[in-house]
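All remarks here apply to the structure that follows.
Just so it is clear, none of the values below were taken in a lab; they were calculated from the coordinates. Note that the structure is a prediction, hence the values are computed from the model and not measured. Methodologically, a virtual Cβ is constructed for each residue, glycine included, from the backbone with ideal geometry; neighbour enumeration extends over all protein chains shown.
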Amino acid sequence: MAQHDYINKKPKNRKNTKKEPAKKPFPYLLVIAAALLVGGFAYGLWFIKNNADPKLVEKQTNPAAKEKVEVVVPRAPEFIKEIRNHEVQVEVKEIEQKGPYVMQCGSFRTYQQAESLKAKIAFAGLISEIRETKGETGIWYKVRLGPYKTKRQAESDKNKLKRVKVVGCGIWGWT
């Protein structure tokens with residue numbers, strides 16, 4: 001059987017029903033309006049040039065030297081001299097530390113899951129530990145970091161873990 005080229009073949013008995021778009025008339029009004037605007041602008045420039053005040057033109061082309069203005073430096077008020085050597089006594093209060101904090105990032109049924117989270121934490125540059133806890137529902141493996149002296153230190157490490165996509169860590173008082 002011979003191969004036929006159906007892509008380049010023109011269909012038979014079909015008339016071209018598409019009409020060519022009508023040609024738009026030449027925009028005479030726009031051309032006239034543009035010519036009037038350009039002519040008006042040129043006339044305005046010519047008018048300004050010929051009707052300018054010669055004294056003002058001379059003053060603009062050759063400006064006179066400016067007079068030097070003396071700058072008066074203000075003197076310091078008397079109270080500034082008095083407070084320069086003055087000391088202020090401030091009462092400093094110690095903030096009570098609520099105790100050491102610990103951060104727990106996961107609790108898993110299998111040791112392998114806890115190990116994988118511990119590895120992610122190690123890639124963030126932090127040291128964690130896995131604690132085995134026996135509860136009512138069986139054995140749980142908890143991944144913990146700490147202890148931290150302040151909650152701010154724990155929050156700092158929590159933000160480091162968020163950057164490496166370890167989320168869901170909780171910060172509690174250490175017991």
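In this simple spin-label model, placing a label point 7 Å from the Cα along the Cα-to-Cβ direction at both T110 and N85 gives a separation of 7.8 nm.
For region 25-64, the convex hull spanned by the alpha carbon atoms encloses 56 Å³ per residue. Projecting label points 7 angstrom from Cα along Cα→Cβ for Y43 and A119 puts them 8.7 nm apart. If a spin label sat at a point 7 angstrom from the Cα of I127 along the line to its beta carbon, the backbone N atoms of region 148-167 nearer than 19 Å would be those of 148-150, 153-158, 160-161. When the alpha carbon gyration tensor of the chain is reduced to an equivalent ellipsoid, its three semi-axes come out at 76, 60, 13 angstrom, largest first.
Rounded to the nearest 10 degrees, the angle from helix 151-163 to the longest Cα principal axis of the chain is 60 degrees. Separation of region 111-141 and region 61-90, taken as the distance between their Cα centroids, equals 66 angstrom. Annotation for region 42-117: trypsin sites (Lys or Arg not before Pro) lying in DSSP loop with at most 13 further Cβ atoms inside 10 Å of their Cβ are K66, K68, R75, K93, K98, R109. Computed extension gain for A35 through T137, at 0.36 nm per residue and net of the alpha carbon distance, reaches 27.5 nm. Enter the angle in degrees (range 0 to 90, nearest 10) between the Cα long axis of helix 28-50 and the first principal axis of the Cα atoms of the chain, meaning the one along which they spread out most. The helix 28-50 is inclined about 90 degrees to the chain. Expressed in units of 2.2 N^0.38 Å, where N is the residue count, the Cα radius of gyration of region 43-141 is 3.21.
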